[in-house]
Amino acid sequence: MYVSVLLDETSDVSCYSQLSTVIRYVNSNGAVCESFIRFSDVSKDRSAAAISYLVVKELKEFDCLNKLIAQTYDGAAVMSGELNGVQAKVKECVLDAIFIHCYAHRLNLILSQAASSNTKCNVFFFHLGWFVHLFYNIIKKNVFAG
């Protein structure tokens, strides 16, 4: 069995950066499967070195490091950088782990560009962003604290 690893990092409303890790593999029946591994808090260090260390550690934990053949991330330099990105650092451990840009992120870019040409979509997403900013400030100022 061979595996690929999919990573995505996002910040929640309280500004914690979480890295989601998913492995993809073909089971004994020939069906493609994806298994969510975990969310990891990467708030303190979102560097390529820290994230690649975490990925290698998780793959070792599930005895998948020597079975890794592909890795897929978004286009951020820290993730996809050819010299110092996560993909390059993981490839130092597993030479055959090719990098493929995540198609879900490509779709997101296409949809974002398409939506930006529609005035109603622009207004909607502007207000949606404003709500996120509002809740962030409420949490930051701890308005609900007794």
Self-check item: Search result, residues across the stretch 1-54 that are in a loop (DSSP other than H, G, I, E, B) and basic (Lys, Arg)
Solution: LYS44, ARG46
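To keep it simple, each residue is scored yes or no on (1) more than 16 Å from LYS67 (Cα to Cα); (2) at pLDDT 85 or above; (3) assigned by TED's automatic domain parsing to the domain that holds GLU61.
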{"position": "GLU9", "(1), (2), (3)": "yes, no, yes"}
{"position": "SER14", "(1), (2), (3)": "yes, no, yes"}
{"position": "SER20", "(1), (2), (3)": "yes, yes, yes"}
{"position": "VAL26", "(1), (2), (3)": "no, yes, yes"}
{"position": "GLY30", "(1), (2), (3)": "yes, yes, yes"}
{"position": "ARG38", "(1), (2), (3)": "yes, yes, yes"}
{"position": "LYS44", "(1), (2), (3)": "yes, yes, yes"}
Exercise. Filter the stretch 17-36 down to residues that are hydrophobic (A, V, I, L, M, F, W, C) and touching a Phe, Trp or Tyr at 6+ places or on another chain (Cβ under 8 Å) and give me whichever is surrounded by the most Cβ atoms within 10 Å (Cβ to Cβ).
Key: LEU19
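Here is a yes/no grid of residues against (1) within 25 Å of TYR16 (Cα to Cα); (2) over 15 Å from the mean Cα position of the chain (by Cα); (3) among the polar types (S, T, N, Q):
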site: ASN29; (1), (2), (3): no, yes, yes
site: ILE37; (1), (2), (3): yes, no, no
site: ASP41; (1), (2), (3): yes, no, no
site: LEU68; (1), (2), (3): no, yes, no
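The values are calculated or read from the model by the stated rules, or taken from the named source; none is laboratory data. Note that the structure is a prediction, hence the values are computed from the model and not measured. Because the Cβ atoms are built from the backbone with ideal geometry, glycine has one as well, and the counts that use them run over all protein chains shown.
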